[in-house]
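Structure first, commentary second.
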Number of protein chains: 2
Amino acid sequence: MLTNPQKTASAANLRSDAGLASALRVSLARLNRRLRKQGTGHSLTPTQLATLAAVERHTAMTPGELAEHEKVQPPSMTRVIANLEERGLLARTPHSTDRRQVSITVTPAGIALLKEERRLKEAWLAQRLKDLTPEERATLRAAAPILEKLSTT
Amino acid sequence: MLTNPQKTASAANLRSDAGLASALRVSLARLNRRLRKQGTGHSLTPTQLATLAAVERHTAMTPGELAEHEKVQPPSMTRVIANLEERGLLARTPHSTDRRQVSITVTPAGIALLKEERRLKEAWLAQRLKDLTPEERATLRAAAPILEKLSTT
DNA sequence: TATTGTTATACTCTATAACTATA
DNA sequence: TATAGTTATAGAGTATAACAATA
């Protein structure tokens, strides 16, 4: 009832590259699962939250661009946007040149929600970091840009 | 159209604890998103995959235990198990002492699927690790157990 | 005629409520 | 009577197909 081959195996083989990949995969998945649970006082689905963040990051996007960016079909994005608009988190304005298109922007309420969401997640993580030794924190400081690089390659 | 306040902000404040939390949160989320896309040749939902992995890790579980473990309601777990059983990935056997209960175990096919899933994800990650310098890999080797500790605290 | 977005409809996943079998 | 699991039914999210408006 208590077998856990992954963890022990990854700890044992950490010196090899394959072992490092295995250990990182497990740790990353586990930590991310914990992190995702933090800051959920808004009842937005993952797609809704990702859409809101995408619009904020790109300042203004069309529904078509958003569907492409979030890997959903245009009709699905129509519904996501409609829901976020009802909540007052996104706003629709006419497109400047093409009247077929619509320009989507974040409202101040949407920005506030994203800010609070990030604050809660980071507060949880910062609390965990406080329980580490200074050396461990230094290691994570060095590792952060490397993890960043891994995902953008 | 190209504003990205998170990344620049997190890079700038990496020396503070709050800055480290912010940078880690963004990097972890991004890397995990990339990682989750790898190895999806089976068409299992996240819940199905997590259920399969849970049964493998614990050797044998009842539907009730699985529902509790995966944070879904018992009727939902009934359907997840039924689907995985149809695919030949899980098997049901009578419980040893209580005839109301059912014992769920992984089949060889289920074990093979999990192994392949992990292999694909780790192959992607190992490829990325090869592009790093030896020093960067050493940093990640040191960071892996710390990340592991963060999630289990 | 091609493109952008929406409406109509169906399927999947999960939930709550009611039911069956066993303790 | 209480517990483990299933069946019945409903709600949320996303997909494909058909449609309206504009280029």
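Rule-of-thumb check for the stretch A:43-153: C-alpha Rg over 2.2 N^0.38 Å?
1.35
Please state the charge dipole magnitude for chain B, taken about the Cα centre, from unit charges on C-beta atoms (+1 on K and R, -1 on D and E), reported in debye and rounded to the nearest 20.
Computed about the Cα centre, the dipole is about 420 debye.
Given a 1.4 Å probe and the protein chains all in place, what does the accessible area of A:Thr62 round to, in Å² to the nearest 10?
Around 20 Å² of this residue is reachable by solvent.
Averaged per residue, what accessible surface does chain B expose to a 1.4 Å probe, in Å²?
Details: 8290 Å² over 153 residues.
Accessible area per residue: 54 Å².
Where nothing but the Cβ of Lys and Arg (+1) and of Asp and Glu (-1) is charged, how large is the charge dipole of the protein assembly as shown around its Cα centre, in debye to the nearest 20?
Numbers: 48 positive and 30 negative charges, 44 e Å.
Dipole size: approximately 220 debye.
Could you look at the stretch A:43-153 and say what percent of its accessible area is carbon and sulfur, using a 1.4 Å probe and all protein chains?
Using a 1.4 Å probe with all protein chains present, the stretch A:43-153 comes out at 56 percent carbon and sulfur.
Under 16 Å from the 7 Å Cα→Cβ point of A:Thr62, by amide nitrogen: which residues of the stretch A:86-117?
So the set is A:92-105.
Give the average over all directions of the projected area of the C-alpha convex hull of the stretch A:46-109, one decimal, in nm².
It is 4.0 nm².
Given the DSSP H assignment, sum -39500 (n - 2.57) over each helix run of at least 4 residues in chain B and divide by its residue total; what's the result at 222 nm in deg cm²/dmol, nearest 500?
Calculated mean residue ellipticity at 222 nm is -22500 deg cm²/dmol.
Round to the nearest 10 and report in Å² the accessible area of B:Trp124, as given by a 1.4 Å probe over the protein chains' heavy atoms.
Approximately 20 Å² for this residue.
What is the interface area between chains B and A, defined as buried accessible area summed over both chains with a 1.4 Å probe, reported in Å² to the nearest 100?
Buried: approximately 5900 Å² between A and B.
Residue farthest toward the positive end of the dipole of the protein assembly as shown, with Cβ of Lys/Arg at +1 and Asp/Glu at -1: which of B:Val72, B:Thr107, B:Ser151?
Result: B:Ser151, furthest along the dipole toward the positive end.
Which order do you get for B:Thr51, B:Thr153 if you rank them by accessible area with a 1.4 Å probe, largest at the top?
From most accessible down to least: B:Thr153, B:Thr51.
I'd like the distance separating the alpha-carbon centroids of the stretch A:71-88 and the stretch B:80-141, in whole Å.
34
Give the lysines whose C-alpha is closer than 26 Å to that of A:Lys121, dropping any in the same chain fewer than 8 places away, or say none.
Cross-link targets: A:Lys7, A:Lys37, A:Lys71, A:Lys130, A:Lys149, B:Lys7, B:Lys37, B:Lys71, B:Lys121, B:Lys149.
Just to be sure I understand: with springs between alpha-carbon atoms less than 10 Å apart, which residue in B:Leu44, B:Leu113, B:Leu132 has the highest mean-square fluctuation in the Gaussian network model of chain B?
The residue that fluctuates most here is B:Leu132.
The values are calculated or read from the model by the stated rules, or taken from the named source; none is laboratory data. Just so it is clear, the structure is predicted and the values come from calculations on it, not from any experiment. With ideal geometry, Cβ positions are generated from the backbone for all residues, glycine too; neighbour counts draw on all protein chains shown. All accessible areas refer to the heavy atoms of the entire protein, side chains included, with ligands and DNA or RNA removed. Shrake-Rupley method; radii C 1.70, N 1.55, O 1.52, S 1.80 Å.
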